[in-house]
Amino acid sequence: MAAYDDLSAFKIYLPDVGVLRRLAQLAPTTFGEGNRLFTEFKGALTENFVLQTLITQFEVVPRYWSQTNPPYEVDFLIQRENDIFPVEVKSEACTSGKSLRKFRELFSDAVRLRIRFSLDNLKLDDDVLNIPLFMADETDRLIGLALEKRGISS
């Protein structure tokens, strides 16, 4: 994946969600109260959390993908052996995402499985594997099981 890096398209993450919370000057009580600040920052906090788990499971550091005209972005691209999987992170139950569809449309011959993290239950819907946020540490294993179920050797 490194050969295709676009250095003009990037996001910055921290090594720990707690550090991000502290630097954003969010009080620890913000998480439990569900106030406006948490609503505003929960997407970034959730993405940071998922990235922390992905880094420990895959040899290659996840990348970011975006297209500007029209605008699309995939939160992460993960490499598992020689396969690339687009990943979308949703901090709520609303899981519609046009960017995962667009990525599949653009790279249909290379996309064996699309990954979505959300508050929804674990499910495999055609080529979209929804992983509940609390199961993020099991991503690599769940990808293997999903590929197996779809009849694709991993």
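Side notes on the structure shown:
- Residue in the range 114-126 that is over 23 Å from residue 42 (Cα atoms), of a type in the set (Val, Ile, Thr) and either surrounded by 14 or more Cβ atoms within 10 Å (Cβ to Cβ) or modelled with pLDDT under 90 (or both) present: no
- Look at the range 44-69: where a residue is within 15 Å of residue 137 (Cα to Cα) and a partner is part of a strand (DSSP E or B) and basic (Lys, Arg), sitting 6+ places away or on another chain with Cβ atoms under 7 Å, you get 58/80.
- Complete set of residues in the range 107-126 that are free of Cβ contacts under 8 Å to residues at least 24 places away in the same chain and of a type outside the set (Asp, Glu): 107, 108, 121, 122, 123
- Residue 76 being touching a residue at least 60 places away in the same chain (Cβ under 8 Å), closer than 21 Å to residue 46 by Cα and either assigned to a helix (DSSP H, G or I) or touching a Leu at 6+ places or on another chain (Cβ under 9 Å) (or both): no
- Among the residues of the range 120-138, those identified as in contact with a Phe, Trp or Tyr (Cβ under 9 Å, 6 or more places away or on another chain) and more than 11 Å from residue 87 (Cα to Cα) are 132, 133, 135, 136.
- Residue list for the range 28-59, filter: surrounded by 13 or more Cβ atoms within 10 Å (Cβ to Cβ), modelled with pLDDT under 90 and part of a loop (DSSP other than H, G, I, E, B): 35
The values are calculated or read from the model by the stated rules, or taken from the named source; none is laboratory data. Only a predicted model underlies this, so the values are computations on that prediction, with no experimental measurement involved. Don't worry about glycine lacking a Cβ; one is built from the backbone with ideal geometry, like all the others, and counts go over all protein chains shown.
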